[in-house]
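Participant: So that we are looking at the same thing, I have put the structure below in C-alpha cells.
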Amino acid sequence: MTGSGLASGGINANVWVVALAGAISFGVPLVLAALGEILAERSGVLNLGVEGMMLVGAVSAFLVADATGSPWLALLAAVAAAAALAAVHAFLCVTLRANQIVSGLALVIFGGGVARFVGSSVEGQPRGAEIDPIRIPGLADLPVIGRVAFQQDVLVYATVVVTALVALYIVRTRPGLALRAVGESPATADAAGIAVARVRYVHVIVGGAFAGAGAAYTMLVVVPSWNGAATTDGIGWIALALVVFASWRPWRALAGAVIFGFALRANFTLQAAGITAVPAEILSMLPYLLTIVVLIALAPTAVRRRAGAPSALGQAYVRDER
C-alpha cells in the first residue's frame with residue numbers, strides 16, 4: 001500500500017471513530033425520550049405526543065439559554081415545559097378518559113404550533129449556551145475507546161446512570177411493581193389498593209420531563225440554533241419506535257439509541273469517509289426507514305405481546321367497570 005493509501009486509511013478510520021462517538025451523542029435525546037415513554041406506557045398510557053413535547057422543551061431551552069447563558073437553567077426550563085404538556089395529556093387520558101391516540105396527536109400539533117409561534121422571532125439564531133465535552137484524564141487518551149467513551153459531555157454519562165436507575169426502578173422497587181401492575185391489569189391493581197390514576201399521572205408527567213431533557217440536549221449539544229420543527233427533526237417519533245424496538249426495556253433502549261444515533265449520523269459519516277455511491281438523500285432517510293422497518297416487523301399482535309407490551313396499554317380505566 002502506498003503512503004497516500006495509508007494516510008487515506010488512517011483518515012477513514014478516524015472518521016468512523018468520530019462517527020461512533022457522534023452516534024452516542026445523537027443517541028442521548030433518543031434514549032431519554034424513550035425512557036420517558038417506557039415509564040408512561042408501562043403505566044398503560046400511550047403518549048404519541050413526544051415530538052410535540054420535545055419541540056416545546058427545545059424552544060424553552062433555547063430561550064432560557066439565550067436569556068441567562070446557563071445551559072443548566074435551560075435544561076430545567078425544557079424539563080418543566082415538557083412535563084407541563086405531559087400533564088395535559090395525563091388529564092385528558094386519565095381523568096377525562098379521552099382516546100389516547102387522539103390526545104397524543106393533538107399534543108404534537110399543539111406543541112409544534114406553540115413552539116413555532118414562541119420561537120418565530122429567534123429562528124436561525126445561534127444558541128446562547130451549550131454543554132461542552134469533558135476529557136477524563138488518562139482514559140481519554142486510549143486508542144479508539146478514549147475518543148468514543150471518555151471525551152463525551154456530562155449528560156452522556158448521566159444518561160447511562162439514569163438508564164440504570166430506571167431499569168432498577170421498574171423491576172426492583174415497590175413503586176416499580178405498582179407501575180407494572182397498573183400497566184398489566186389496572187382493575188387488579190386497584191383491588192390491591194394501588195391508586196391507578198395517581199400512578200398513571202406521575203409516570204406520564206415524569207415521562208414528559210424525560211422528553212424535555214432529551215429536547216434540551218438536542219438544543220444545547222446536537223443542533224447549533226433554533227430552526228422550528230427541524231430542530232428535533234422527528235426524534236420524538238423515532239423514540240416511539242425505539243420503545244417497541246427495545247421491548248419496553250431501558251437497557252435495550254440505550255443500545256437501540258446508539259444504533260438509531262448512528263443512522264442519524266450516517267449521511268455525514270459516509271460523505272466524510274469519501275463514500276459517495278449512495279445518494280445523500282437516501283442516507284438522510286435512513287433513520288426514518290429504520291423506524292418504519294421496526295414498526296412493520298413488530299406490528300402483529302402476537303409479536304407485540306411477546307415483545308413485552310403492557311396488556312392494558314392504551315386502555316382507559318374506570319373503576320365501576322370491574
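The values are calculated or read from the model by the stated rules, or taken from the named source; none is laboratory data. Being a predicted model, the structure only gives us computed values, none of them experimental. Because the Cβ atoms are built from the backbone with ideal geometry, glycine has one as well, and the counts that use them run over all protein chains shown.
Participant: Residue by residue through the range 223-253, note down the ones that are in contact with a Ser or Thr (Cβ under 7 Å, 6 or more places away or on another chain) and either at positive phi or among the aliphatic types (A, V, I, L, M) (or both).
Facilitator: Val223, Ile235, Ile238, Ala241
Participant: Among the listed residues Ala58, Ala129, Ala74, Ala78, which satisfies the condition of being at pLDDT below 95, under 30 Å from Val148 (Cβ atoms) and either among the basic types (Lys, Arg) or touching a helix residue (DSSP H, G or I) at 6+ places or on another chain (Cβ under 7 Å) (or both)?
Facilitator: Ala129
Participant: Please go through the range 46-76 and give me each residue that is free of Cβ contacts under 8 Å to residues at least 24 places away in the same chain and surrounded by fewer than 24 Cβ atoms within 10 Å (Cβ to Cβ), ordered by number. Walk me through it before giving the result.
Facilitator: Residues of the range 46-76 free of Cβ contacts under 8 Å to residues at least 24 places away in the same chain: 64, 72-73, 76.
Trp72, Leu73, Leu76, listed by residue number.
Participant: In addition: So, of the residues in the range 149-164 that are under 16 Å from the mean Cα position of the chain (by Cα) and surrounded by fewer than 18 Cβ atoms within 10 Å (Cβ to Cβ), which turns out to be nearest to His203 (Cα to Cα)?
Facilitator: Let us first name the residues in the range 149-164 that are under 16 Å from the mean Cα position of the chain (by Cα), namely 155-164.
After this cut, where a residue has to be surrounded by fewer than 18 Cβ atoms within 10 Å (Cβ to Cβ) as well, the list is 157-158, 160-161, 164.
Numbers: Tyr157: 23, Ala158: 20, Val160: 20, Val161: 19, Ala164: 17 Å.
Within the range 149-164, the match that is nearest to His203 (Cα to Cα) is Ala164.
Participant: Look at the range 210-239 and say how many of its residues are aliphatic (A, V, I, L, M) and crowded, with 24+ Cβ neighbours inside 10 Å. Give the derivation first.
Facilitator: First pass over the range 210-239, keeping only residues aliphatic (A, V, I, L, M): 211, 213, 215-216, 219-223, 229-230, 235, 238-239.
Of the ones still in play, those that are also crowded, with 24+ Cβ neighbours inside 10 Å are 211, 213, 215-216, 219-220, 235, 238-239.
Adding up the residues that qualify gives 9.
Participant: Another one. Within the range 297-306, work out how many residues are modelled with pLDDT under 60 and in a helix (DSSP H, G or I).
Facilitator: 6
Participant: Exactly one condition in (1) in a helix (DSSP H, G or I); (2) within 15 Å of the chain's Cα centre (by Cα) is not met by Ala77; state its number.
Facilitator: (2)
Participant: If we scan the range 132-147, do we find a residue that is in contact with a Leu (Cβ under 7 Å, 6 or more places away or on another chain) and either touching a residue at least 24 places away in the same chain (Cβ under 8 Å) or closer than 22 Å to Val45 by Cβ (or both)? Break it down into steps so the answer makes sense when it comes.
Facilitator: From the range 132-147, those in contact with a Leu (Cβ under 7 Å, 6 or more places away or on another chain) are 146; that's our starting set.
The next check asks that each one be either touching a residue at least 24 places away in the same chain (Cβ under 8 Å) or closer than 22 Å to Val45 by Cβ (or both); those that pass are none.
There is no residue in the range 132-147 that is in contact with a Leu (Cβ under 7 Å, 6 or more places away or on another chain) and either touching a residue at least 24 places away in the same chain (Cβ under 8 Å) or closer than 22 Å to Val45 by Cβ (or both).
Participant: For the range 172-184, state whether one or more residues are modelled with pLDDT of 90 or more, touching a Pro at 6+ places or on another chain (Cβ under 9 Å) and loosely packed, with under 13 Cβ neighbours inside 10 Å.
Facilitator: First pass over the range 172-184, keeping only residues modelled with pLDDT of 90 or more: 172-184.
Restricting the remaining residues to those that are touching a Pro at 6+ places or on another chain (Cβ under 9 Å) gives 180, 182-184.
From the residues that got through so far, the ones that are loosely packed, with under 13 Cβ neighbours inside 10 Å too are none.
So far as the range 172-184 goes, no, none of its residues is modelled with pLDDT of 90 or more, touching a Pro at 6+ places or on another chain (Cβ under 9 Å) and loosely packed, with under 13 Cβ neighbours inside 10 Å.
Participant: Still on this structure, please answer the following. So which of Gly113, Gly138, Gly193, Gly124 is out of contact with any helix residue (DSSP H, G or I) (no Cβ under 8 Å at 6 or more places or on another chain), surrounded by fewer than 13 Cβ atoms within 10 Å (Cβ to Cβ) and under 27 Å from Ala229 (Cβ atoms)?
Facilitator: So the residue among Gly113, Gly138, Gly193, Gly124 that is out of contact with any helix residue (DSSP H, G or I) (no Cβ under 8 Å at 6 or more places or on another chain), surrounded by fewer than 13 Cβ atoms within 10 Å (Cβ to Cβ) and under 27 Å from Ala229 (Cβ atoms) is Gly124.
Participant: When residues of the range 225-259 are filtered for being assigned to a helix (DSSP H, G or I), over 30 Å from Arg172 (Cα atoms) and among the hydrophobic types (A, V, I, L, M, F, W, C), how many remain?
Facilitator: Qualifying residue count for the region: 2.
Participant: Moving to a separate point now. Can you pull out the residues in the range 185-228 that are at pLDDT 95 or above, under 18 Å from Ala74 (Cα atoms) and of a type in the set (Phe, Trp, Tyr)?
Facilitator: Selection gives Phe210, Tyr217.
Participant: Would you check which residues across the range 190-224 are over 20 Å from the mean Cα position of the chain (by Cα) and outside any loop (DSSP other than H, G, I, E, B) and list them? Write out each step before concluding.
Facilitator: Looking only at the range 190-224, we keep the residues that are over 20 Å from the mean Cα position of the chain (by Cα), and these are 190-199.
Across the range 190-224, the qualifying residues are Asp190, Ala191, Val196, Ala197, Arg198, Val199.
Participant: Within the group Val244, Val258, Val318, which residue is at pLDDT 75 or above and loosely packed, with under 14 Cβ neighbours inside 10 Å?
Facilitator: Just one listed residue meets the conditions, Val318.
Participant: Another question, then. Can you confirm whether Ser43 is at pLDDT 95 or above, surrounded by fewer than 24 Cβ atoms within 10 Å (Cβ to Cβ) and either closer than 19 Å to Val102 by Cβ or not hydrophobic (A, V, I, L, M, F, W, C) (or both)?
Facilitator: When the stated conditions are applied, Ser43 does not pass them.
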